Amino acid sequence: MTRTSPLILLAAAVLAVLTVSGVAPYDRITWLMEVMPALIVAPVLFATYRRFPLTNMLYVLIAVHALVLIWGGACTYARVPLGFWLQDLFDLARNPYDKIGHFMQGLVPALAAREILLRGGYVSGRRMAGFLAVCVAMAVSACYELVEWWAALAMGQGADEFLGTQGDQWDTQSDMFLALIGASTGMLLLARRHDRAMAALGWKETTS
């Protein structure tokens, strides 16, 4: 109960923000497409909680990632106020908020993959788990870029808000690069903390 209660509050907070964001988003179709990953993942997390609960650390990061998606969906990524602030602060040519989203798109799936690989016993070594986790994150990033491509083909100009390229011809490549940075950051800076969080759930490292 001690562990479950904060997670319920966390889920309720994300649900509340999602609900508010859907009241009057800038573009309804864009909002739905941007928040769709959160709508897909949330039921999976609830369904697997008793059988394979994740670490609190990972649940918090998933919630943060969901909030990034929700805010981007409500305003569209090219219009998020935080992005304009960063654009002015660093004298950038475009609103960079979508890059935060792609950083999280690398960080969170990588840590999720690492946790499943290690706790599920699919990989015993932390180094191999880290390598495979980064590969999974990059695969997720590539699949997302394919979805954006299909959306562009299906919707034509109507996909501009969803794509959020802002005239950047290298947007796809930079998106995937930010995902790589996010995944690598997770493996290099958060791995030991992640190990402690998994150990609290009973995981024991078998080899280095």
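For every residue, the table says whether it meets (1) more than 17 Å from the chain's Cα centre (by Cα); (2) farther than 28 Å from ALA24 by Cβ.
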{"site": "ALA78", "(1), (2)": "yes, no"}
{"site": "PHE84", "(1), (2)": "yes, no"}
{"site": "ALA93", "(1), (2)": "yes, yes"}
{"site": "PRO96", "(1), (2)": "no, no"}
{"site": "GLY101", "(1), (2)": "no, no"}
{"site": "PRO109", "(1), (2)": "no, yes"}
{"site": "ALA112", "(1), (2)": "no, yes"}
{"site": "GLU115", "(1), (2)": "no, yes"}
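Cβ-Cβ under 8 Å, sequence separation 6+ or interchain: first residue in segment 5-26 and touching a residue at least 60 places away in the same chain (Cβ under 8 Å), partner among the charged types (D, E, K, R). Which pairs? Listed pairs, sorted by first residue: TYR26/ARG79; TYR26/GLU161. Just a yes or no: is a residue in segment 71-89 of a type in the set (S, T, N, Q) and over 24 Å from ARG192 (Cα atoms)? Yes; the residues of segment 71-89 include at least one that is of a type in the set (S, T, N, Q) and over 24 Å from ARG192 (Cα atoms).
Residue under question is SER124, and the condition is that it be touching a strand residue (DSSP E or B) at 6+ places or on another chain (Cβ under 8 Å) and touching a residue at least 24 places away in the same chain (Cβ under 8 Å); does it hold?
yes
Please find, within segment 75-111, the residue that is farthest from MET36 (Cα to Cα) out of those that are in a helix (DSSP H, G or I) and of a type in the set (S, T, N, Q).
GLN87
Considering only residues in segment 134-163 that are under 18 Å from the mean Cα position of the chain (by Cα) and surrounded by fewer than 15 Cβ atoms within 10 Å (Cβ to Cβ), the one that is modelled with the lowest pLDDT turns out to be VAL147. Scanning segment 13-60 for residues that are under 28 Å from GLY120 (Cα atoms) and assigned to a helix (DSSP H, G or I) yields a total of 19. For segment 164-208, the set of residues classified as part of a helix (DSSP H, G or I), modelled with pLDDT under 95 and among the charged types (D, E, K, R) consists of ASP171, ASP175, listed by residue number. Every condition in (1) closer than 22 Å to TYR49 by Cα; (2) in a helix (DSSP H, G or I); (3) modelled with pLDDT under 95 is met by ARG114 except one, and the failing one is (3).
Condition check ((1) touching an Asp or Glu at 6+ places or on another chain (Cβ under 7 Å); (2) surrounded by 20 or more Cβ atoms within 10 Å (Cβ to Cβ)) across all residues:
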| site | (1), (2) |
| --- | --- |
| ALA74 | no, yes |
| VAL80 | no, yes |
| ARG94 | yes, no |
| MET104 | no, yes |
| ALA112 | no, yes |
| SER124 | no, no |
| LEU132 | no, no |
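The values are calculated or read from the model by the stated rules, or taken from the named source; none is laboratory data. Remember, it's a predicted structure, so these values are computed and weren't measured experimentally. Virtual Cβ from ideal backbone geometry, glycine too; neighbours counted across all protein chains shown.
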